[in-house]
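*Asks:* This is the structure, below, for whatever I ask next.
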Amino acid sequence: DEAGNMAFAELVYDVNDITPPTATLLTPPSSVSPVQAGDYINVTINAVDNFQIASVFLNYSDASGIRFNVPMKLWQGDALNGSWSMEIPTNNAGTVNYHIYVVDLAGLGVSLPAGAPTSEYSVTVIAADLSYIRIEYANGTEVKELALTCDDDGIMFYARGYDSLDNLIGDVPVSWGITSGIGLLSPAFGTFTEMELTTPGVGKALSLIHI
């Protein structure tokens, strides 16, 4: 005032972030599905926030149904506008389901897809290339050494192929045979055969070559 006295007033503003981040999936399942077992599923998103992205998490279940929650990595851009990525490993054939959570420093978040975790993205994992063939009964039990009599006819055997990770590919056509002349396998070629024992003796019940 005119006497030289001064007064100060301090105003405090509390600025709250009320705007959640936005996110877009850059690798939709249709662009990667199906994948072979042993390969990786790439998941990449773009996340934008008016202040700063605090965390991005990828939550997924593998083909065995085991659930994982892992942080995604910022590989391009920054915490205001950047791309985040992570790879999902695959070992078993089946279906991988996943969703993503994006949260900013104010604790506001967004999920992909909308409605997660009830809604999720899905990618089909198929068996890889044929690695080995196993002889099995119809129920999938492996055929091992057998002690049989000539009356033990009508036993069915199936040739089934697997990849290097032990994922079932399916029935595989092979040539069938019995050594030492102890019996017959019919048909002699195909994905399955029926055993007929005719002569007592010791032999290898199965002999096959993948065609």
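*Asks:* Jot down the per residue volume, in cubic angstrom and as a whole number, of the convex hull over the alpha-carbon atoms of segment 29-69.
*Replies:* Numbers: hull volume 3.8 nm³, N = 41.
Considering the Cα atoms of segment 29-69, their hull volume per residue is 93 Å³.
*Asks:* For segment 46-149, what is the accessible area per residue in Å² when the probe is 1.4 Å?
*Replies:* 54 Å²
The values are calculated or read from the model by the stated rules, or taken from the named source; none is laboratory data. Not measured: the values here are computed from a predicted model. Accessible surface areas use protein heavy atoms only, side chains included; no ligands, DNA or RNA. Shrake-Rupley method; radii C 1.70, N 1.55, O 1.52, S 1.80 Å.
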